[in-house]
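> This is the structure I want to talk about, given as structure tokens.
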Amino acid sequence: MEFLLGFSALIDRLNRRVGQITLWLVLLSVLLSALTATLRYLLDWGSNAMIEGQWFMFGLIFLFYAPLTLQERGHVRVDILYNRLPPRGQVLVEIFGGLLFLVPVCLLILVDAWGYFLIAFHQNESSINPGGLIWWPMKLAIPIGFALLALQGVSEIIKGLAALTGHRPLPTATTGGH
């Protein structure tokens, strides 16, 4: 179990670092949005690349911050029954949810998105808009983001198993986290 917990800690550190870097995209996206609006209204000038850059950053924020959101227990869940369960029941829900839904769906999306990226890369896909951006780098971000989310799911499963086997404390009933 110590090896698995070490692997889990490595995944947690990786996703925490990716999340910290991703936070800078929020600031960059806000600044780019403000610049785009300012140039449009003050100078009557626009750029498709700037608009698409905003879209791309918005997508990257969601893709690359999702694993840290899962790690910090900030994801959306139906709490009607979950909060009424004892800590051991909550951990079991997290483990089975990860094993039956989160990790398999992430892997399916990862595999499908990888093919989607390869097609875009081989065609050097870019925007149909004049002055737009190339799109294949963004399409590469999709499988990377879902790989990171799947890894975080594995980390959460490991931490849940460790809690059930006494290698980590069970979460308190009020927080629901590990």
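> Quick one: would you say F96 is closer than 27 Å to L161 by Cα, assigned to a helix (DSSP H, G or I), over 13 Å from the mean Cα position of the chain (by Cα) and of a type in the set (F, W, Y)?
yes
> Which one of L43, L63, L118 is of a type in the set (A, V, I, L, M) and either touching a helix residue (DSSP H, G or I) at 6+ places or on another chain (Cβ under 8 Å) or under 23 Å from G19 (Cα atoms) (or both)?
L63
> Looking at the stretch 1-49 only, could you name the residues that are closer than 16 Å to F62 by Cβ and in contact with a His (Cβ under 8 Å, 6 or more places away or on another chain)?
Residues satisfying the conditions do not exist here.
> Sticking with this structure for a sec: Would you confirm, using the coordinates I've provided, whether I80 is loosely packed, with under 13 Cβ neighbours inside 10 Å, among the aliphatic types (A, V, I, L, M) and more than 24 Å from the chain's Cα centre (by Cα)?
In short, yes.
> Which of the residues spanning the stretch 138-171 are without any contact (Cβ under 8 Å) to a residue 60 or more places away in the chain and of a type in the set (A, V, I, L, M)?
L140, A147, A150
> Output yes when any residue across the stretch 121-135 is touching a residue at least 24 places away in the same chain (Cβ under 8 Å) and in a helix (DSSP H, G or I), and no when none is.
No: zero hits.
> Then there's this: What do you reckon, is I21 under 17 Å from K159 (Cα atoms) and either assigned to a helix (DSSP H, G or I) or in contact (Cβ under 8 Å) with a residue 40 or more places away in the chain (or both)?
The answer is no for I21.
> Does the stretch 83-101 include one or more residues that are in contact with a Pro (Cβ under 6 Å, 6 or more places away or on another chain) and surrounded by 15 or more Cβ atoms within 10 Å (Cβ to Cβ)?
So far as the stretch 83-101 goes, yes, one or more of its residues are in contact with a Pro (Cβ under 6 Å, 6 or more places away or on another chain) and surrounded by 15 or more Cβ atoms within 10 Å (Cβ to Cβ).
Any read-out appearing in this document is the output of simple, stated calculations on the displayed coordinates, not a laboratory observation. Since the structure is predicted, the reported quantities are computational estimates derived from the model, not experimental observations. When we count neighbours, we look across all protein chains shown, and the Cβ atoms used for this are built from the backbone with ideal geometry, even at glycine.
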